[in-house]
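Undergrad: Quick one: structure below, then a few questions.
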Amino acid sequence: MKLLGVETSCDETSVAVLDGDGRILSNVVSSQMEMHARYGGVVPELASRRHMEVLPLVLDEALALAATTLDEIDLVVATAGPGLIGALLVGLSAAKALAFARGIPFQPASHLEGHLYSPFLCADGSAARPVRYPFHGLVVSGGHSELVRAQEGQIVPLARARDDAPGEAFDKVARRAGLGYPGGPPIDRIAIRSDASHFPFKVGRFNDGSLDFTFSGLKTQLVREFEKRGLGADVSESDVAGELADLLAGFQRAVVEQLVDRLDRVHSADGIERLALSGGVAANSELRDTLERWGSERGVEVLLPDRRLTGDNAAMVAFAGLLSFRRDGSRDFLAVNARSRWPLGG
Ligand code: KG4
Ligand code: ZN
């Protein structure tokens, strides 16, 4: 079996070819990041237009790299949400048309389920690891922050972002520091050579005992610290030093500590057997190191996604689609529409 995955929910146009064992035969990602960078974030209208331009090229490249043709594809999967409606519609419509024209099944997939299962994929061409239930999933990206418990055929939401997603907070803080977009990677690198303990920020929590995440207060505190010190002109990453560097490291530490705080609370209440981390922010070095330590101290198996699979990509979408297809069988999904909002388990 071979399947095709299509992902156009935000600013990456991606097509992947997988086999029935979840082996990645190709996973082409064309990023629009540079185009959006000058605006400091993704411009939806520009994103959809760029998806239309590059999707046919990305599809051809993915098929060529997988040494396959459309004749050999047995299933087409595309992200149906959540994401930017105009952007989603490009990939979804193309995938539906392809499946319809070829008389093969079409399977819609959730972008967040794609992230959720991405730690089970291998980036080196081996078959996917078996998905063992139950597991807890922490999806942290530019648009989302969700903690769930996954059972076979059911995802139970435990916590989600009530305001900014963690990646969004990284991006906004970096922009105020004059570091450009996306903000996660430079802050990650700066934090490695800085001292987070100079600026300890409080872990954000809600008074009602909720496990939900909140990062906008932290972002505001940081921006206030920048203003007090007159920081925030455009800087190149290598020039970031002193208080600015330590503030950014303190910010990153506080993000990680809040995520760990929620995991600690879930673990002591219900016990976590296995934790799968995913999403763009799962590329963060401090988060990865901290969670690995957290898991080994508590006997929790921690699955980290390959760094090449943390950002948006079609392989993860294809894999989520394959799991649904295997579980529920082939159904007629050609009438499915794009959904801008689609929380895990919803
Ligand atoms: O999952 P993703 O590619 O797109 C969404 O679905 O949102 O995540 C992108 C986000 C951006 O906000 C980016 O700044 C963040 O992931 N990110 C990071 C790192 N690499 C990317 N955040 C922290 N540390 C990183 N190393
Ligand atoms: Zn994503």
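The values are calculated or read from the model by the stated rules, or taken from the named source; none is laboratory data. The model shown is predicted, which means the values in this text are computed figures rather than measured ones. Note that we place each Cβ from the backbone using ideal geometry, even for glycine, and neighbour counts take in every protein chain shown. These accessible areas exclude ligands, DNA and RNA; they are computed on the full protein's heavy atoms, side chains included. Shrake-Rupley method; radii C 1.70, N 1.55, O 1.52, S 1.80 Å.
Undergrad: Only strands (runs of 3 or more DSSP E) wholly contained in the range 101-198 count here; list those with 2 or more residues that are surrounded by 18 or more Cβ atoms within 10 Å (Cβ to Cβ) and within 16 Å of ligand 2 (Cβ to nearest atom).
TA: Those strands (runs of 3 or more DSSP E) span 106-110, 135-140, 145-151.
Undergrad: Taking the options 148, 156, 131, 139, name whichever one is of a type in the set (A, V, I, L, M, F, W, C), within 14 Å of the chain's Cα centre (by Cα) and closer than 30 Å to residue 329 by Cα.
TA: Among 148, 156, 131, 139, only 139 is of a type in the set (A, V, I, L, M, F, W, C), within 14 Å of the chain's Cα centre (by Cα) and closer than 30 Å to residue 329 by Cα.
Undergrad: Tell me which residues, restricted to the range 4-30, are surrounded by fewer than 20 Cβ atoms within 10 Å (Cβ to Cβ) and within 16 Å of ligand 1 (Cβ to nearest atom).
TA: 29, 30
Undergrad: May I ask you to list the residues in the range 270-309 that are open to solvent by 10 Å² or more (accessible area, probe 1.4 Å), within 27 Å of residue 108 (Cβ to Cβ) and in a loop (DSSP other than H, G, I, E, B)?
TA: Answer for the range 270-309, where residues must be open to solvent by 10 Å² or more (accessible area, probe 1.4 Å), within 27 Å of residue 108 (Cβ to Cβ) and in a loop (DSSP other than H, G, I, E, B): just 306.
Undergrad: OK, next. Modelled with pLDDT under 95 and aromatic (Phe, Trp, Tyr): which single residue out of 325, 333, 251 fits that description?
TA: 333
Undergrad: Touching a residue at least 12 places away in the same chain (Cβ under 8 Å) and in contact with a Ser or Thr (Cβ under 6 Å, 6 or more places away or on another chain): which single residue out of 212, 188 fits that description?
TA: Selected residue: 188, the only one of 212, 188 that is touching a residue at least 12 places away in the same chain (Cβ under 8 Å) and in contact with a Ser or Thr (Cβ under 6 Å, 6 or more places away or on another chain).
Undergrad: Somewhere in the range 228-240, is a residue touching an Asp or Glu at 6+ places or on another chain (Cβ under 7 Å) and not hydrophobic (A, V, I, L, M, F, W, C)?
TA: yes
Undergrad: Name the one entry in 287, 277, 309, 303 that is in contact with a helix residue (DSSP H, G or I) (Cβ under 9 Å, 6 or more places away or on another chain), of a type outside the set (S, T, N, Q) and more than 16 Å from ligand 2 (Cβ to nearest atom).
TA: 303
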